[in-house]
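Any read-out appearing in this document is the output of simple, stated calculations on the displayed coordinates, not a laboratory observation. Keep in mind that this is a model prediction, so the values were computed, not measured. No Cβ is skipped: glycine too gets one built from the backbone with ideal geometry, and neighbour counts run over all protein chains shown.
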Amino acid sequence: MNRLTNIDIAEDGWPVLAVAGGVTILVSFLALPFSCFLLGLLMWLAHILRVPQRLPPPGEHLVIAPADGRVVETKQCPAQTGVMPLSYDSLRITIRTKLSDAQMQTSPITGHLVDNCLFPGLFAPWADNDHVNGPTNQDSWEDIRRLNERREITFRHTNGHEVVLVQLATKTARQLVCRLSEGKHLAAADPIGMARLAGVTDIYVPATSVSDIAVGQHVVAGETVLARLPSSTPTHTPVGT
């Protein structure tokens, strides 16, 4: 990692800082007072694009939050989710990251990355009143899941259960970044990329997982426990086998 004013910056955050820094330097030659505002903006970007120091909780079957933000929806989904097919019925937990949150995303479990696919699409905005878990918003969100750009990242736990993380584009999150290749082993809370900036993240875990996460709860990537995977081996056929 590189350092800026003693802050570790995520590798995927440097392109954003480079553009912001170049604009700040250019504006400083034209309008010095306004460049002071841009300098403050640059420092704020460094704050949200940093590598935060996180301490993952101990446990073999834990699913840890992969993104900072607020839980805006939890939903039981069939294997045919309407957006993408899964090999199991699932519990879907949706986290919305805001511009005030750290943007780096982390691995939700310890295991192997078995699939990493980007699906191009739109960048339609999500409903502003996302703290209301009502039917209108749910219908709107399902449409956005189908139409917006997304990146599906599948992880396989050592006991065979799979967890799927979906980075969803928004009006501001136009780059869904995960440069890791299939087969890479990851520990829970290892960095995996980011949705630049302020994206939405869906996490699909087996429906038999135990979770007491609540809508409206703020979660922290690499620290907050979202669910506990079943200790038994799965009965479905994992994706990619």
Between Ala187 and Leu122, what is the label-to-label distance in nm when each label sits 7 Å out along the Cα-to-Cβ direction? 4.3 nm
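On average, how much area does the Cα convex hull of the chain cover when viewed from any direction, in nm²?
Values: hull surface 54.0 nm².
Taking a quarter of the hull surface, the average projection is 13.5 nm².
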Does the range 154-241 classify as rounded, prolate or oblate by the C-alpha gyration tensor (a ≥ b ≥ c root eigenvalues; a/c under 1.5 gives rounded; else a/b over b/c gives prolate, otherwise oblate)? oblate
Label-point gap, in nm, between Glu142 and Ala214 - each point 7 angstrom along Cα→Cβ: 2.7 nm
For Ala10, which sequence-distant residues (separation of 5 or more, or a different chain) have an amide H within less than 5 Å of its own amide H, given hydrogens modelled in the peptide plane? Arg50, Val51
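Convex hull over the Cα atoms of the range 17-137, averaged projected area in nm²?
Working: hull surface 44.8 nm².
Spelled out: convex hull of the Cα atoms, projected over all directions, averaged, 11.2 nm².
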Using 0.36 nm per residue, how much length does the chain from Trp14 to Met43 gain when fully extended, once their Cα-Cα distance is taken away? 9.2 nm
Partner lysines whose C-alpha sits under 23 Å from that of Lys171, ignoring same-chain residues fewer than 8 away, are Lys98
How far is it, in nm, from the label point at Gln76 to the one at Thr233 when both lie 7 Å from their Cα along the line to the Cβ? 2.7 nm
